[in-house]
Amino acid sequence: MLYKNPARSMIALFAILFFMTQAAQAEGPAPKLANVTILATGGTIAGTGASSTTTVGYTAATVGVQRLIQAVPELAKVANVSGEQVFQIASENMSNEHWLILAKRVNVLLAQANVDGIVITHGTDTLEETAYFLNLVVKSRKPVVLVGAMRPSTAISADGPINLYNAVLLAASQEAIGKGVLVAMNDQIQAAREVTKVNTSTLDAFRTPELGMLGYIQGSKAFFYRQVVRKHTFETEFDISKVAVLPQVDIVYGYANMGPVAVDAFMAAGAKGIVHAGVGDGSLAAKVVPALKAARAKGAVVVRASRVGQGILARNGEANDDELDFVVADTLNAQKARILLMLALTKTSDTKEIQRMFYTY
Ligand code: SIN
């Protein structure tokens with residue numbers, strides 16, 4: 001706005017500045033961004049393929065955390081983001097030792113006043129297991145969000161960048177506080193206890209069968225519609241701060257023609273617990289029962305789960321659990337039952353107590 005008279009130009013300029021200042025004051029100060037730490041562990045989200053059309057047969061866990069962050073400049077709009085490379089592995093190699101290192105690091109970071117939330121980038125194959133482990137041992141109400149990708153970073157329409165953006169905004173959100181460990185994939189928010197990978201390769205591979213996801217991420221906002229009622233994170237009785245090694249617990253898979261070989265082999269290798277992923281409602285083949293009884297007699301805790309993937313495992317239904325002194329997995333799938341049994345065994349070997357934990361977490 002230029003007037004021939006310089007005095008009038010100055011007055012107009014001051015007027016514009018005055019109204020801009022008033023408008024800014026009316027809006028209030030810019031909201032403070034949350035501080036979110038991204039802990040990178042590898043997986044397809046950090047994977048690279050031979051070409052842009054390579055969506056299978058690529059190499060997981062090759063791109064470092066700083067490059068993942070730089071690839072999504074939009075992250076700076078939703079949080080102050082920092083990154084740490086904790087591991088660089090494909091998630092089929094995730095182990096109890098990795099979990100202990102990761103969980104201890106998460107607890108240290110969340111105890112700091114300058115950390116508001118954590119995002120963990122992870123391979124999708126065992127993401128649900130790491131999420132549930134953390135859901136039981138993280139001692140904080142602050143958000144912890146796991147995220148992965150079904151397509152490598154080099155693919156056309158890679159899902160990693162949008163998933164990472166959603167995970168960071170979820171970890172930075174007030175809505176995610178106190179909700180337990182969450183999984184952000186494909187614009188959906190899932191609970192660590194219930195989510196499972198149900199497809200080998202499609203983008204909608206993460207589902208919570210029957211019980212349903214918790215909510216959506218849309219338009220840079222998290223929308224919750226449900227919450228988990230089972231105890232988690234700050235409410236659990238598990239403390240891994242002094243645990244150096246988790247007890248050995250293995251899974252045997254039920255199938256037609258099943259025999260005792262796998263149970264006997266795990267016991268010979270030192271198992272302290274066996275999760276039996278039985279057919280149907282956790283039924284036990286006649287040939288496996290003596291091996292499981294022998295395992296229990298040697299002190300191992302036997303948990304009956306189901307390979308079906310949905311529904312409650314009925315106590316004293318397909319087997320007399322009271323008589324056999326077995327525990328049932330409730331609705332946990334076998335891989336999550338293994339995690340809860342390991343943590344339970346760090347506290348007790350009393351099967352009644354362990355059964356209580358399965359109905360609590
Ligand atoms: C992995 O789990 O590390 C590989 C597969 C994936 O991330 O989707």
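The values are calculated or read from the model by the stated rules, or taken from the named source; none is laboratory data. Fair warning: this is a prediction, and the values are worked out from it, not measured in the lab. Cβ coordinates were reconstructed from backbone atoms using ideal geometry, including for glycine residues, and neighbour counts include every protein chain displayed. Only protein heavy atoms, including side chains, enter the accessible area calculation; ligands, DNA and RNA are left aside. Shrake-Rupley method; radii C 1.70, N 1.55, O 1.52, S 1.80 Å.
Condition check: surrounded by fewer than 22 Cβ atoms within 10 Å (Cβ to Cβ), outside the structural domain of Leu127 (by TED's automatic domain parsing), over 23 Å from Leu136 (Cα atoms) and in contact with a helix residue (DSSP H, G or I) (Cβ under 6 Å, 6 or more places away or on another chain). Does Asp321 satisfy that?
Details: surrounded by fewer than 22 Cβ atoms within 10 Å (Cβ to Cβ): yes; outside the structural domain of Leu127 (by TED's automatic domain parsing): yes; over 23 Å from Leu136 (Cα atoms): yes; in contact with a helix residue (DSSP H, G or I) (Cβ under 6 Å, 6 or more places away or on another chain): no.
In short, no.
Among the residues in segment 249-265, are any touching a residue at least 12 places away in the same chain (Cβ under 8 Å), assigned to a loop (DSSP other than H, G, I, E, B) and within 23 Å of the chain's Cα centre (by Cα)?
no
Please go through segment 68-97 and pick out each residue that is within 16 Å of the ligand (Cβ to nearest atom), touching a residue at least 24 places away in the same chain (Cβ under 8 Å) and surrounded by 14 or more Cβ atoms within 10 Å (Cβ to Cβ).
At the first step, the residues of segment 68-97 found to be within 16 Å of the ligand (Cβ to nearest atom) are 68, 85-95.
Going one step further and asking which of them are touching a residue at least 24 places away in the same chain (Cβ under 8 Å), we end up with 68, 85-92, 94.
Of everything in segment 68-97, those that are within 16 Å of the ligand (Cβ to nearest atom), touching a residue at least 24 places away in the same chain (Cβ under 8 Å) and surrounded by 14 or more Cβ atoms within 10 Å (Cβ to Cβ) turn out to be Leu68, Gln85, Val86, Phe87, Gln88, Ile89, Ala90, Ser91, Met94.
Across segment 219-251, which residue is surrounded by the most Cβ atoms within 10 Å (Cβ to Cβ) among those that are over 18 Å from Ala344 (Cβ atoms) and in contact with a helix residue (DSSP H, G or I) (Cβ under 9 Å, 6 or more places away or on another chain)?
First, the residues of segment 219-251 that are over 18 Å from Ala344 (Cβ atoms): 219-229, 234.
Remaining after also requiring in contact with a helix residue (DSSP H, G or I) (Cβ under 9 Å, 6 or more places away or on another chain): 220-222, 228.
Working: Ser220: 12, Lys221: 11, Ala222: 24, Val228: 18.
In this case the residue turns out to be Ala222.
What are the residues in segment 324-351 that are open to solvent by less than 10 Å² (accessible area, probe 1.4 Å), assigned to a loop (DSSP other than H, G, I, E, B) and small (Gly, Ala, Ser), if any?
Within segment 324-351, just Ala329 meets the criteria.
Inside segment 304-344, can you point out the residues that are within 15 Å of Phe133 (Cα to Cα), in contact with a Leu (Cβ under 8 Å, 6 or more places away or on another chain) and not β-branched (Val, Ile, Thr)?
The initial filter retains those residues of segment 304-344 that are within 15 Å of Phe133 (Cα to Cα), namely 332-344.
Right, trim to in contact with a Leu (Cβ under 8 Å, 6 or more places away or on another chain) and you get 332, 339-340, 342-343.
Result: Leu332, Leu340, Met342, Leu343.
Among the residues of segment 218-242, write down those that are assigned to a strand (DSSP E or B) and either under 27 Å from Ala111 (Cβ atoms) or of a type in the set (Gly, Ala, Ser) (or both). Quick ask: steps written out before the conclusion?
Step one: of segment 218-242, the residues assigned to a strand (DSSP E or B) are 218, 221-224.
Hits for segment 218-242 are Ala222, Phe224.
Checking the condition over 26 Å from Ser95 (Cα atoms), part of a loop (DSSP other than H, G, I, E, B) and among the aliphatic types (A, V, I, L, M), which residue from Ala286, Ala291 passes? Even if it seems obvious, please write down each step before you answer.
On the way: Ala291 fails: part of a loop (DSSP other than H, G, I, E, B).
Only one candidate passes the filter, namely Ala286.
Select, from Leu100, Leu109, Leu134, the only residue that is in contact with a Ser or Thr (Cβ under 9 Å, 6 or more places away or on another chain) and either open to solvent by 50 Å² or more (accessible area, probe 1.4 Å) or within 21 Å of Ile339 (Cβ to Cβ) (or both).
Numbers: Leu100 fails: in contact with a Ser or Thr (Cβ under 9 Å, 6 or more places away or on another chain); Leu109 fails: either open to solvent by 50 Å² or more (accessible area, probe 1.4 Å) or within 21 Å of Ile339 (Cβ to Cβ) (or both).
Of Leu100, Leu109, Leu134, the one residue that is in contact with a Ser or Thr (Cβ under 9 Å, 6 or more places away or on another chain) and either open to solvent by 50 Å² or more (accessible area, probe 1.4 Å) or within 21 Å of Ile339 (Cβ to Cβ) (or both) is Leu134.
Out of segment 252-262, which residues are of a type in the set (A, V, I, L, M, F, W, C) and buried (at least 16 other Cβ atoms within 10 Å of the Cβ)?
Looking only at segment 252-262, we keep the residues that are of a type in the set (A, V, I, L, M, F, W, C), and these are 252, 256, 258, 261-262.
Listed by number, the residues that qualify are Val252, Met258, Ala262.
Report yes if some residue within segment 44-58 is out of contact with any strand residue (DSSP E or B) (no Cβ under 8 Å at 6 or more places or on another chain), surrounded by 15 or more Cβ atoms within 10 Å (Cβ to Cβ), outside any loop (DSSP other than H, G, I, E, B) and in the same structural domain as Glu128 (by TED's automatic domain parsing); otherwise report no.
Checked segment 44-58: at least one residue is out of contact with any strand residue (DSSP E or B) (no Cβ under 8 Å at 6 or more places or on another chain), surrounded by 15 or more Cβ atoms within 10 Å (Cβ to Cβ), outside any loop (DSSP other than H, G, I, E, B) and in the same structural domain as Glu128 (by TED's automatic domain parsing).
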